[in-house]
Every structure is written in structure tokens, then in C-alpha cells.
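To keep things clear, I will list the structure first and then write my remarks on it.
What follows draws every value from the coordinates through simple rules; no lab data is involved. From a predicted model like this one, the values you see are computed outputs, not experimental measurements. As a convention, Cβ positions derive from the backbone with ideal geometry for all residues, glycine included, and neighbour counts pool all protein chains shown.
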Amino acid sequence: MPNRKPFPLWSFVGDICFCCQNPSPEKMRVLEFSQPNNISGNNSSSDSSEEKPQDTDYKIVPCLSDELETLILARFPIPEHWKICCLNKKFLAFIENGEVFRIRREIGLKEPAVFITSGENNWWAFNSTFNSFKKLPMIPSDFSFVLGDKESFTAGTNLFVSGKEIEGTVVWGFELATKKWFKAPNMINPRCLFASATSGVIAYVAGGIETTTCQEVLSSSEKYNSESRSWERLPEMIVKRKSCSGCFMDNRFYVIGGQDENKNYLVSGEFFDQETNTWNLIPGMLKDIITPMSSSYNSPSPSPPLVAVASNELYTLDASSNELKVYLKGSNSWKTLGPVPVRADAVGGWGVAFKSLGNQLLVIGGDAGSSWEQDLTIYTCCPDPRVEKLKWRRIVCGSTNLNPFIRNCAVMLA
């Protein structure tokens, strides 16, 4: 989409008029309009009717109300928050206590942030256009957590990474406001290989394997509230599942596919209805997707289903065919939307990130026309279930030395 020069934004506070355009090295001009002494216009002096603009360096600007001030600051892009913190202690506290994100939620502002790790213990944070990125601090965990498998999800302004330390399962949280890691409350039923999904400040998890003996496949589910920092138990699913995937659509938490306690691959799905507080089974939800039970499937140990929701429509990246498909809710079937420009089929879906960026789809991995030794490639598209083939747009990202084999990826809307 071509860059268009934004219109100047004029704001009037009292008798002061501000004009905000693209940042420039020039001083911001403040125009002061004086009220004529005689409203009818009789005998108005020329000195008072024509005031010259003056630089803010020399003109005292009246203070804004606290409410208007916070509304303005809340509209700053998240990657620019560090600039606000440098202005004064009041603005620093406004960012670090999370007040800015609460106001953003109230006024409906949502800005995606993408968190990625590709093997090392470092997490990277990117904005939605990948032209701004930053390495997060190291997670203060032990070597067992660093070397072990991990799973990630988000809730509110928190990134969560679940894994196993020497003393047991742990959930580490990263607070976007303070840029610091903290040890989050553990799940009611600690688990791995589970499904997860996010809705605002709430994170849902379901299924997986219990982490004490790593033998029992779970049907339990729970949700985490990032504001109260607490877990709440939910009803158990209808089917026990591990290596399953989750998403949030139609105000429901969906859990799709996976394996049962006998290591049979499941083609069913189910969703949790918050209004009725019950789970509902969807038989054959993945019947149109090639599974490891199919004779044409090549990978002996596939990843959990690669699913993402954009504009309240469910999409999957079929790792066997390297094609994007959209779920048709009315017929419980899938429609093919063409190939995806990454190597999802190279290792059975492993090493590929397939996520939602609001109304866009995001896919990250090795390029479909190259080997895994090539650089990381990033593509987005605005999906439309009505078309036969989607157009993918490649995003050029600065050098981060990330391995193209993505181990964990999570998207936060803050």
C-alpha cells in the first residue's frame, strides 16, 4: 500500500492552536489568537487583531487536563514509548504502571507485537511491520528450562513462556510495560503440549500432558486473568487431547486436533461456550486436512495443527501440502486458498510460525524456494475466503541473526 502523507491534525486548547504533522527538525509553531476587545468589531486595534506565531521555546503553553494528556499519550505507538519515559517521572510512571495500556483498551486501540525465539534463549519483540525490533532480557531461569521444550501464549500485556525447571513446571511472564520477566502463578494442572488461545486479558489453555510423569493425557482446561494474575478452572473437554491447537473465534475457545491417550490422531475439534459453560464436540473438523493417518502424509511426527483466526475466520496452514485453507463453518469443511511461500512441509509443520495479526495472517519460516540455511522470511496477507488464491507480501526485516527454524512465536494485541 503506498505511503500517503497524513493530513495535518489541528487541536484547539483554550486560545492556543496546535498543528501536528510529520516529525521534523523545525520547531513546533504555536499560534495564539487574541479575542477582539470589541466583539462587534468597532474600533478594534490593528495591534491586537494580528498576532504573529511564536516558537514554543519562548511561549508558555497552557497545561492540558490530565484526561486529555493521557488520551494523547495512549495513542503513541508502543515502540515509541521509551521516548515518553524520557520526558519526566510522571510519564514514566504512566507507562510502567500499565495505565497507558488500560486506556488503550478502553478506547479500542490494539497494536500487534510479535515475539519470536528460534533456538537460543533470547526472545525478540517486533512490531507488526517488523521495522522495529528489540531483544528481550534473558529469562532468569535454570539450565533445565533453557534446554527443555517450551510453549508460549499471551494475555493482556503479558507474554508467558511455560516450561520445566529442575524443581518442576514453571510459567515465566514478561510484562510489556516494565520490560521485565516475573515468575507467574503456575497452572492449576501443570501441563505441556497443550492448546492455548487469547481473548483480551484472558488466556485459555486446555489438554496436553501432565508434567509429573508425562504419561497422562489431559482433558482439563483453565483460564488465566492477567489483571488479577490468577487461574480459574474450567469444565473438562469431551475428548482427552495432547499436541492440539487452540484459537478464539465467535467468542468461543476452540481446541482442534491432536492425539488421544492411545496416540491416535484426532480429526475432531471442540469449543468452549462461555454462555453455557460447556464444551461442544465438532466431529470430523479436520477430515479435509491430510493427517498422519493418511497414506500421502510424509512426516512421521507432525506438529500440532497450524491454525490462526483473522477477521473471525479460521485458517490453517496444511503442513502436508503447504497450502492455506479456510474453514467453512456452515458445512464443516475446508476451502483451499493456494500455496504458502514458506517451507511448512519440510519438517511436518515444525519450525514455522503461523499467526494472526488482527485482520491479517502472518507466516514466518524458511523460504519455500530455498534450503533451511537461508535467512528468515516473513510474509503477510489480508485473507479473503471468497478468492481462489491469496496474494502474499514479503516483509523485509533488519538483521537479527535469527535461525529460520522458529521454535516459539506469540502475538500480543496491546
| Qualifying lysines (Cα of each under 19 Å from Cα of residue 134; at least 8 residues distant if same chain) | 83, 179, 180
| query | When we measure straight from the Cα of residue 355, which lysines land under 17 angstrom away, once same-chain ones fewer than 8 places off are left out? | reply | 110, 325, 391
| Label points 7 Å out from Cα along the Cβ direction at residue 132 and residue 76: separation in nm? | 1.0 nm
| remark: Output ordering of 147-153, 190-196, 302-308 (per-residue mean of other Cβ within 10 Å, highest first) is 190-196, 302-308, 147-153
| query | What are the lysines whose alpha-carbon lies under 16 Å from the alpha-carbon of residue 240, with same-chain residues fewer than 8 places away excluded? | reply | 263
| field | Derived scalar couplings ³J(HN,Hα) [the stretch 304-319; Karplus, 6.51 cos²θ - 1.76 cosθ + 1.60; whole Hz; x for Gly, Pro] | value | x, x, 8, 10, 7, 10, 10, 6, 6, 10, 8, 10, 9, 9, 6, 5
